[in-house]
Amino acid sequence: MSELELSLLRARSMEALKQKARRGELFFTVAVGYVNVGSDKIERDPDLRVREAIGLVFTRFAEMQSIRQVFLSLRSDQIALPYINPRISGQQQVLWKPPVYTTVSNLLTNPVYAGAYAFGRTGSRTIIEMAASESCAAVAKLAQIGQLVDHHEGYLPWAV
């Protein structure tokens, strides 16, 4: 195949992914607390323990209004939070661990828990310094590729 054909195939496949994201059907990984239903839908996890642990995080945040305070209270009460190990291939297996600040922060700031589908929230930018080293930095995108409110059942309502 020529470079032109390869470039055209790559562009078509990227556009197909973007179209799927605009419809709210593109999932690479599913957030903890949700499970895949078919290939293009998600539902809340049927495991009551997982749902209650995630609900507890949102309840405590409503009371304390601080991610750090929620983290500290969960830690002091020795409450384990669910997580999905991305290194385990195959079925999505929920594991439990003591709360970590980034886990609590990611859980509270992820729009999927409000029932919204969002894709393309961050991108990457290549930074070249002194023409020798490269690094990639995650940057927030102003316009998302796909964002659908009330896409699925959330753990809390979407506040506008």
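The values are calculated or read from the model by the stated rules, or taken from the named source; none is laboratory data. As the structure is a computational prediction, the values presented were derived from the model and not from experiment. Cβ sites come from the backbone with ideal geometry, for glycine too, and all protein chains shown count toward neighbours.
Here are some notes:
- Residues in region 57-108 that are touching a strand residue (DSSP E or B) at 6+ places or on another chain (Cβ under 8 Å) and in a helix (DSSP H, G or I): 57, 74, 103, 104, 107.
- Of all residues making up region 57-104, the number that are among the β-branched types (Val, Ile, Thr), surrounded by 15 or more Cβ atoms within 10 Å (Cβ to Cβ) and over 21 Å from residue 37 (Cα atoms): 6
- Filter result for residue 107 (closer than 15 Å to residue 34 by Cα and either in contact with a Gly (Cβ under 6 Å, 6 or more places away or on another chain) or aliphatic (A, V, I, L, M) (or both)): yes
- Among the residues of region 74-91, those identified as modelled with pLDDT of 90 or more and closer than 24 Å to residue 44 by Cβ are 74, 77, 79, 80, 81, 82.
- Of all residues in region 16-56 being modelled with pLDDT under 75 and in a helix (DSSP H, G or I), the one that is surrounded by the most Cβ atoms within 10 Å (Cβ to Cβ): 21
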